[in-house]
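S.K.: Provided herewith is a single structure, encoded as structure tokens, for subsequent inquiry.
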Amino acid sequence: MSQQQSQFTEDGPPERRYGSQYNATPIQRETNLDPREQPGYVDDYQYGPYAQGEKLRPASTARSRRRRPRFWFAIVFCVILIVGMWSYAASSARIGSFGKPHLASYASVQEYKGSTLDLQASSADIHVHFGTSDNVRVSTNNGDGFKGESDGQTIHLEQQDGGKGPFSFTNNDLDITVPAKMNLNLETKSGNIEIDNVDGKINATAASGDIKINQARIADGSNLKTESGNIDFTGNLDASSHYTFEANSGDIKVNLPASNPAKVTTNTQNGDVHNPGAGTTTASSPDLHINTNSGDISVEYQD
């Protein structure tokens, strides 16, 4: 027994105490001071030296979106400004002669002597009418718009395009007073031509615009032509004479006196023709050829 007791009392390794680990001093950890890791932080994702994989900044997109309203406001303002300038120019200028208002006064008025007017215009509305003077009176709302000269027989009038640009708002319109008997050679690339109460040979050409002749007596060999526009003629044709009215794209309307019917020949590729006739023609009746590629033709007779 004593031997057994002795084996239990032999010296061995010291007994390990487990309770001491709960009483040990806690390990001190670093405090995370990164603001992105704090509660309530809202990340704007600004660009910075962040590591790969981190979010890119969308804040620039937000700023771009905030700038868009200002951009569109600037565009709208420019459009309104341009339209307003055009409207002001149109209201202050003479706007053609087809039943529209005229200027009370013109910037330039010139007088010439001659029996034939030769006019070349690039962009202008032209109104020619009968007056009581023996001179040709040319009035324009643009003092530097036209240059004229006369040799005593033929008056040459030509539009000057120098200094004109896309933001030039001047309408180069002409009001021309002529003697009762006058020969006219008129040409405009863009604009209308109107002739009232004139007796003579008339050649009128408008590349883009209408031609209207009221109460006129046109002489042998007169021609009216427009590429894109209408022709409206009311007046008399001389006996034993030949005339041509031609419109590439536009309508042609002719009013002749029933007492002087003409031999009318019409031709249209795409349009309607109205020509009821007014009576029997003779060998001395005037010949009138009316042609249009795309447009209607109407011939009326009345006294």
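S.K.: Could you list, in sequence order, all residues of the range 169-179 that are in a strand (DSSP E or B) and closer than 8 Å to ASP125 by Cα? Give the derivation first.
M.R.: Step one: of the range 169-179, the residues in a strand (DSSP E or B) are 174-178.
LEU174 - this is the single residue of the range 169-179 that is in a strand (DSSP E or B) and closer than 8 Å to ASP125 by Cα.
S.K.: Could you please find all residues in the range 139-149 being crowded, with 17+ Cβ neighbours inside 10 Å, out of contact with any Lys or Arg (no Cβ under 6 Å at 6 or more places or on another chain) and either part of a loop (DSSP other than H, G, I, E, B) or at pLDDT 95 or above (or both)?
M.R.: ASN142, GLY145
S.K.: Hey, among the residues in the range 293-303 that are out of contact with any Ser or Thr (no Cβ under 7 Å at 6 or more places or on another chain) and assigned to a strand (DSSP E or B), which one's modelled with the lowest pLDDT?
M.R.: Among those that are out of contact with any Ser or Thr (no Cβ under 7 Å at 6 or more places or on another chain) and assigned to a strand (DSSP E or B), it is TYR301.
S.K.: Name the pairs whose Cβ atoms lie under 9 Å apart, with the first residue in the range 235-259 and more than 12 Å from ASN291 (Cβ to Cβ), the second among the basic types (Lys, Arg), and 6 or more positions between them or separate chains?
M.R.: GLY235/ARG217; ASN236/ARG217; LEU237/ARG217; ASP238/ARG217
S.K.: Please work out if ILE176 is under 16 Å from ASP210 (Cα atoms) and either modelled with pLDDT of 95 or more or in contact with a strand residue (DSSP E or B) (Cβ under 8 Å, 6 or more places away or on another chain) (or both).
M.R.: When the stated conditions are applied, ILE176 does not pass them.
S.K.: Among the residues of the range 235-268, how many are among the aliphatic types (A, V, I, L, M), assigned to a strand (DSSP E or B) and out of contact with any Phe, Trp or Tyr (no Cβ under 9 Å at 6 or more places or on another chain)?
M.R.: Summing the residues that are among the aliphatic types (A, V, I, L, M), assigned to a strand (DSSP E or B) and out of contact with any Phe, Trp or Tyr (no Cβ under 9 Å at 6 or more places or on another chain) in the range 235-268 gives 2.
S.K.: Restricting to the range 180-200, and then to whatever is part of a loop (DSSP other than H, G, I, E, B) and surrounded by fewer than 19 Cβ atoms within 10 Å (Cβ to Cβ), can you tell me which residue is modelled with the lowest pLDDT?
M.R.: ALA180
S.K.: OK, next. Do we have ILE211 as aliphatic (A, V, I, L, M) and in the same structural domain as LYS263 (by the TED database) here?
M.R.: The answer is yes for ILE211.
S.K.: Additional query: Sort through ASN203, ASN255 and tell me the only one that's within 28 Å of SER115 (Cβ to Cβ), surrounded by fewer than 18 Cβ atoms within 10 Å (Cβ to Cβ) and over 31 Å from the mean Cα position of the chain (by Cα).
M.R.: ASN255
S.K.: ALA216 passes all but one of (1) modelled with pLDDT of 95 or more; (2) surrounded by fewer than 19 Cβ atoms within 10 Å (Cβ to Cβ); which number fails?
M.R.: So the condition that ALA216 fails would be (2).
S.K.: If you go through the range 269-292 one residue at a time, do you hit one that is under 24 Å from ALA124 (Cα atoms), in contact (Cβ under 8 Å) with a residue 12 or more places away in the chain, part of a loop (DSSP other than H, G, I, E, B) and touching a Lys or Arg at 6+ places or on another chain (Cβ under 8 Å)?
M.R.: no
S.K.: Restricting to the range 233-252, name every residue that is surrounded by fewer than 19 Cβ atoms within 10 Å (Cβ to Cβ) and more than 14 Å from VAL198 (Cα to Cα).
M.R.: Selection gives ALA239, SER240, SER241, HIS242, THR244, ASN248, SER249.
S.K.: Name the one entry in ALA262, ALA278 that is in the same structural domain as ASP210 (by the TED database), more than 19 Å from ASP199 (Cβ to Cβ) and surrounded by 19 or more Cβ atoms within 10 Å (Cβ to Cβ). I'd like the intermediate steps shown before the answer.
M.R.: Details: ALA262 fails: more than 19 Å from ASP199 (Cβ to Cβ).
Residue meeting the stated conditions: ALA278.
The values are calculated or read from the model by the stated rules, or taken from the named source; none is laboratory data. Since we're looking at a predicted model, the values are computed, not measured. Positions of Cβ are generated from backbone atoms using ideal geometry, with glycine treated the same way; all protein chains shown enter the neighbour counts.
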